[in-house]
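Here the structure is laid out as structure tokens; the discussion comes afterwards.
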Amino acid sequence: MPELPEMETYRTLLGTLIGGQKITDVVIQREKSINVPVDQFTKQISNQTIKTISRRAKYLIFQLGDGSYLLLHLMLGGWMFFGKEEDKPDRTIQVRLSFGDQHLFFIGLRLGYLHLLSSDMVNKELEDMGPEPLDPQFSIDAFQQLMEKRKGTLKTTLINQDALAGIGGGYSDEILWHAELRPDKKVNDLDGQQLTRLYHSIQFILQRGIKQGGYMENPLYKGDGKTGGYQFYVHAREGDECSRCHARIVMEKISSRKAYFCPNCQH
Ligand SMILES: [Zn+2]
């Protein structure tokens, strides 16, 4: 599932591609991907300008000219492609937004969705989420306070969106590898030094993910050299050598979630 760095990469690239552009046509091929009747959705967003594109956790928020919003969550398997009809990937398209002869295609939206909402509705949708880990206000003190209340394992806590927003299965493994901490270790067993290390690893790995364009498999547009440059240290690399100590990376399930880690150098 796309996480904070993937959505941040989309946000930056889409800002350049469609920021300030007018939606000239709308095609909905899967009604379940939207939240209002197709006619209403189409009528309300047609001819509107994309004013801003922002991100919160794993959501993208498109602000439209009339003050309404499109809230996108790609969930598992969702992705986007921007380009001309002839460049479109050979995949089923659930939603297509046109900007003249270029289109933004939404692909793989099974659990994912694009909802048309008012400002209040967007706020309500996002209100229960934890802080943004890269927010400059999210200090080491704020992190320590947040973790004091948590009792679960490091793996389950990092991916809990109510605790900390935007981290999922992939980057939680990467962060814990970088911090040299085992995913099944309990949050309240960490000492001050380990908590500080975890905080810095969260910042480091997420920033690295963004810088390298995240881990999405598919490019956003033809010639896109940015998307998908991130290489995992441990995630989905069971049996490979740990690049730090050369032991074999293992996968274990923690509360039914797959955790990849190095049993030798993560403690
Ligand atoms: Zn190792």
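Full-extension gain between GLN161 and LYS149, please, as 0.36 nm times their residue separation minus the C-alpha to C-alpha distance.
Answer, rounded to one decimal: 2.9 nm.
How would segment 4-126 be classified by its alpha-carbon gyration tensor: rounded, prolate or oblate, with rounded meaning a/c under 1.5 and the a/b versus b/c comparison settling the rest?
Rounded.
Residue by residue through segment 246-256, which ³J(HN,Hα) values in whole Hz follow from phi under the Karplus form 6.51 cos²θ - 1.76 cosθ + 1.60 (θ = phi - 60°), with glycine and proline marked x?
Working through the residues one at a time gives 6, 6, 7, 6, 10, 10, 9, 8, 10, 6, 6 Hz.
Which of these, ALA236, ALA57, ALA165, has the largest mean-square fluctuation under a Gaussian network model of the chain (Cα springs below 10 Å)?
ALA236
Using DSSP to call loops (not H, G, I, E or B), can you name the trypsin sites (Lys or Arg not before Pro) in segment 21-113 whose Cβ has at most 12 other Cβ atoms within 10 angstrom?
For trypsin sites (Lys or Arg not before Pro) across segment 21-113 that sit outside H, G, I, E and B with at most 12 neighbouring Cβ atoms in 10 Å, the list reads LYS84, ARG91.
How long are the three semi-axes of the equivalent ellipsoid of segment 133-216, in whole Å, if each is the root of 5 times an eigenvalue of the C-alpha gyration tensor, listed from largest down?
The answer is 19, 14, 12 Å, longest axis first.
So which of LYS58/LYS84; LYS124/LYS151; LYS51/LYS124 end up more than 24 Å apart by C-alpha?
Where the Cα-Cα span goes over 24 Å, the pairs concerned are LYS58/LYS84; LYS124/LYS151.
Please give every one of the aspartates and glutamates within straight-line cross-link reach of LYS186, meaning a C-alpha to C-alpha distance under 13 Å, and leave out same-chain neighbours fewer than 8 residues apart.
The qualifying aspartates and glutamates are GLU148.
Fewest to most neighbouring Cβ within 10 Å: what's the order for VAL27, VAL122?
Ordered by Cβ neighbours within 10 Å, fewest first: VAL27, VAL122.
With just the Cα atoms of the chain, tell me how far they stretch along each of the three principal axes, in Å, largest first.
56, 37, 30
What size of dipole, in debye to the nearest 20, comes out for segment 4-126 about its Cα centre when the only charges are +1 on Lys and Arg C-beta atoms and -1 on Asp and Glu C-beta atoms?
Roughly 280 debye, rounded to the nearest 20.
Pick out which of HIS178, HIS235, HIS200 has the largest mean-square fluctuation in a Gaussian network model of the chain, springs linking Cα atoms closer than 10 Å.
Result for the chain, Cα springs under 10 Å: HIS200 fluctuates most.
Kindly state, to the nearest 0.05, the FRET efficiency for LYS51 paired with HIS200, given R0 = 35 Å and r defined as their beta-carbon distance.
Result of the calculation: an efficiency of 0.50.
Just the Kirkwood number for segment 74-114, please: inverse of mean 1/r across all distinct Cα pairs, in Å, one decimal.
Hydrodynamic radius (Kirkwood, Cα pairs) of segment 74-114 is 10.3 Å.
Given R₀ = 25 Å, what would the calculated FRET efficiency be for ARG91 paired with LYS32, taking r from the Cβ atoms and rounding to 0.05?
Once the sixth-power term is evaluated, E becomes 0.90.
What is the order of ILE93, ILE175, fewest Cβ neighbours within 10 Å to most?
Exposure proxy ranking, most exposed first: ILE93, ILE175.
Order these by the 10 Å Cβ neighbour count, fewest first: LYS222, LYS155.
Going from sparsest to densest Cβ surroundings: LYS222, LYS155.
Taking GluC sites (Glu not before Pro) as candidate sites, keep only those in a DSSP loop with at most 15 other Cβ atoms within 10 Å, then name the longest stretch of the chain containing none of them.
So the longest stretch without any such site is 1-126.
Read-outs: derived from the displayed coordinates by stated rules, not from any lab. Please read all numbers here as calculations on a predicted model, not as lab measurements. A quick note on method: Cβ atoms are made from the backbone with ideal geometry, for glycine too, and the neighbour counts reach across all protein chains shown.
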